Amino acid sequence: RIVYVNGEYLPEEEATVSIFDRAFLMGDGVYEVTSVLGGKLIDFDGHAKRLARSLSELDMAEPCTMDELLQIHRELVARNEITDGLVYLQVSRGSAGDRDFVFPDPEVVKPTLVLFTQNKPGLDKDPKALKGTKIITVPDIRWHRRDIKTVQLLYPSMAKMMAKKAGCDDAWLVEDGFITEGSSNNAYIVKGNKIITRELSNDILHGITRAAVLRFAAEAQYEVEERNFTPEEATQADEAFTTSASAFVMPVVEIDGVTLGDGTPGSVSLRLREIYLDEMKKAAV
Ligand code: PLP
């Protein structure tokens with residue numbers, strides 16, 4: 001696999017980053033994951049804009065222009081012959097050659113930019129989408145700037161491990177009695193014609209897939225309600241699903257051991273998945 005590090009395309013074995021890099025020592029970095037379908041990038045623009053916002057919220061410099069980023073994405077997809085898969089991008093505050101809590105001077109220390117691809121043939125045909133996923137709820141003990149897409153993913157990893165140990169696929173996080181979001185996705189419930197998902201704030205990541213799906217849902221005449229909901233309300237819903245750039249719209253069929261509906265993916269979830277994939281493939285770059 002060819003990867004990108006700070007201006008260079010290299011075989012992955014030859015790519016290196018300093019042990020003093022602040023992403024490594026401090027979790028001082030942000031990332032984006034963009035999916036590739038049919039060799040093209042899905043919603044690149046959305047990811048580029050959110051990256052710029054994450055960097056700005058952390059007073060980090062942009063490593064290059066967004067046009068250059070698009071070119072790097074395309075070059076990696078081409079060099080690695082990716083038809084379906086993902087492009088992972090990470091920007092960290094770089095390496096000051098020592099360990100220090102204080103941010104280094106951005107005039108002196110340049111950000112580290114790393115990108116790599118993950119080949120995932122048939123990414124949009126995951127059989128899980130037809131079977132549905134099982135969710136457990138766990139406490140949300142993350143920091144309070146979840147709107148910034150940082151590489152601090154230890155707790156989401158722990159939440160996924162808790163789900164796995166419970167024989168489930170993923171975890172939804174609960175704070176003050178309400179679901180915030182999934183460990184690596186946004187969370188939704190469906191009641192009749194109504195799609196309910198938590199409103200945007202610093203409590204959740206502003207999902208790029210969320211924005212597109214809510215737009216398509218409104219266009220398809222579903223009612224969209226952006227509000228808090230509890231795990232109890234979720235277990236009584238007709239359907240539930242999650243959204244993320246890598247899994248698109250993923251139906252949920254069980255929450256905390258309670259089966260939703262007849263235990264198969266709901267029609268609204270499946271329809272939104274289909275619309276999302278159709279429309280986003282058409283708009284892919
Ligand atoms: N929420 C969290 C915590 C995430 O990690 C992610 C994706 O990684 C999402 C939501 C979904 O965001 P997106 O649709 O932009 O992938």
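Computed values, structure above
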{"item": "Region 159-176, residues that are more than 13 Å from the ligand (Cβ to nearest atom) and not in a loop (DSSP other than H, G, I, E, B)", "result": "Met161, Met162, Ala163, Lys164, Lys165, Val174"}
{"item": "Residue tally, condition touching a residue at least 40 places away in the same chain (Cβ under 8 Å), within 19 Å of Cys64 (Cβ to Cβ), of a type outside the set (Gly, Ala, Ser) and in a strand (DSSP E or B), over region 1-37", "result": "11"}
{"item": "Condition broken by Ile275, with the remaining ones in (1) crowded, with 19+ Cβ neighbours inside 10 Å; (2) under 17 Å from Asp124 (Cα atoms); (3) among the hydrophobic types (A, V, I, L, M, F, W, C) satisfied", "result": "(1)"}
{"item": "Flag for Gly85 being assigned by TED's automatic domain parsing to the domain that holds Ser269, under 26 Å from Ser269 (Cβ atoms) and surrounded by 15 or more Cβ atoms within 10 Å (Cβ to Cβ)", "result": "no"}
{"item": "Unique residue being in contact with a helix residue (DSSP H, G or I) (Cβ under 6 Å, 6 or more places away or on another chain), within 20 Å of His47 (Cβ to Cβ) and either near the ligand (Cβ under 10 Å from one of its atoms) or not assigned by TED's automatic domain parsing to the domain that holds Gln236 (or both) when the list is Ile208, Ile204", "result": "Ile208"}
{"item": "Close pairs (7 angstrom Cβ cut-off, 6 or more residues apart or separate chains): surrounded by fewer than 16 Cβ atoms within 10 Å (Cβ to Cβ) in region 139-155, assigned to a loop (DSSP other than H, G, I, E, B) anywhere", "result": "His144/Asn202; Arg145/Asn202"}
{"item": "Check on Gly38, among the small types (Gly, Ala, Ser) and within 16 Å of the ligand (Cβ to nearest atom)", "result": "no"}
{"item": "Residue count for region 211-260, restricted to those that are under 19 Å from Val174 (Cβ atoms), in contact (Cβ under 8 Å) with a residue 24 or more places away in the chain and polar (S, T, N, Q)", "result": "6"}
{"item": "Every residue from region 97-138 that is over 28 Å from Leu55 (Cα atoms), among the basic types (Lys, Arg) and surrounded by fewer than 16 Cβ atoms within 10 Å (Cβ to Cβ)", "result": "Lys125, Lys128, Lys131"}
{"item": "Single match in Glu199, Glu274, Glu232 (criterion: within 16 Å of the ligand (Cβ to nearest atom), in the same structural domain as Asp140 (by TED's automatic domain parsing) and on the phi < 0 side of the Ramachandran plot)", "result": "Glu199"}
{"item": "Members of region 238-285 that are over 21 Å from the mean Cα position of the chain (by Cα) and among the small types (Gly, Ala, Ser)", "result": "Gly257, Gly261, Gly263, Gly266, Ser267"}
{"item": "Check on Ile179, in contact (Cβ under 8 Å) with a residue 40 or more places away in the chain, crowded, with 20+ Cβ neighbours inside 10 Å, in a strand (DSSP E or B) and out of contact with any Lys or Arg (no Cβ under 8 Å at 6 or more places or on another chain)", "result": "no"}
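The values are calculated or read from the model by the stated rules, or taken from the named source; none is laboratory data. Keep in mind the model is a prediction, meaning the values are calculated, not measured. Note: ideal-geometry Cβ built from the backbone for every residue, glycine included; neighbour counts use all protein chains shown.
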